[in-house]
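Structure record follows, encoded as structure tokens.
The values are calculated or read from the model by the stated rules, or taken from the named source; none is laboratory data. In this text, all values refer to a predicted model and were calculated from it rather than measured experimentally. Here the Cβ positions follow ideal geometry from the backbone for every residue, glycine too, while neighbour counts run over all protein chains shown.
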Amino acid sequence: MNPLSKWMRWTLAATTVYNMFGVLMFIPLTSFGRDVIGWPTVHPFYMWLVTIWIGSFGVLYGWLAKIGRSDPAFLMIAAIGKFAFFALNFTFWALGDFPFTAPLAAAGDFITAILFTIWLWKTRKTF
């Protein structure tokens, strides 16, 4: 586990909050947020799966911010996932399947993917 700089601890704390908003967006009990943004609703099984996934990562981000250490492999997977989520939203918007609000709502994922990548690059000599 690598020690985290202050900026990275704040990044992880903010990402925790951002992910909890994601949980509210994908939880199958309501579709209001998805309707506003333009994300499709699918079978509740998949919505719960995404909700659990986003929530689990959010809890882990919060835990790492609290303890002040992180594993590079975890943040590498996190950066890939966050970039992929943004890229999918951008791609489906570019294809005309999603409104512009979809990649806009996922912009926080793109930003945190960049910040995670910067941290990984800066600490690459230690792993």
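Some observations on this one:
- Listed conditions (1) part of a loop (DSSP other than H, G, I, E, B); (2) touching a helix residue (DSSP H, G or I) at 6+ places or on another chain (Cβ under 8 Å) are all met by G96, apart from (2).
- A Cβ distance below 8 Å, combined with a sequence gap of six or more or placement on separate chains, defines the contacts here; from the stretch 14-43, residues that are closer than 22 Å to P99 by Cβ reach residues that are buried (at least 18 other Cβ atoms within 10 Å of the Cβ) and of a type in the set (K, R) in the pairs M25/R34; F26/R34; P40/R34; T41/R34.
- Count of the stretch 24-60 residues which are part of a helix (DSSP H, G or I) and not acidic (D, E): 25
- Taking every residue in the stretch 99-112 that is over 13 Å from F21 (Cβ atoms) and pairing it with any residue that is buried (at least 22 other Cβ atoms within 10 Å of the Cβ) and of a type in the set (A, V, I, L, M), at least 6 positions away or on another chain, yields no pair with a Cβ-Cβ distance below 8 Å.
- Answer from L4, L12, L75, L49 - the residue that is at pLDDT 95 or above and in contact with a strand residue (DSSP E or B) (Cβ under 8 Å, 6 or more places away or on another chain): L12
- Just one of the listed residues (A78, A102, A84) is of a type in the set (G, A, S), in a helix (DSSP H, G or I) and within 17 Å of A14 (Cα to Cα), namely A78.
- Conditions (1) over 25 Å from K125 (Cα atoms); (2) of a type in the set (A, V, I, L, M, F, W, C); (3) in contact (Cβ under 8 Å) with a residue 60 or more places away in the chain; number of the one not met by I52: (3)
- Selection within the stretch 62-72: residues that are touching a strand residue (DSSP E or B) at 6+ places or on another chain (Cβ under 9 Å) and assigned to a helix (DSSP H, G or I). The member of this set that is surrounded by the most Cβ atoms within 10 Å (Cβ to Cβ) is L64.
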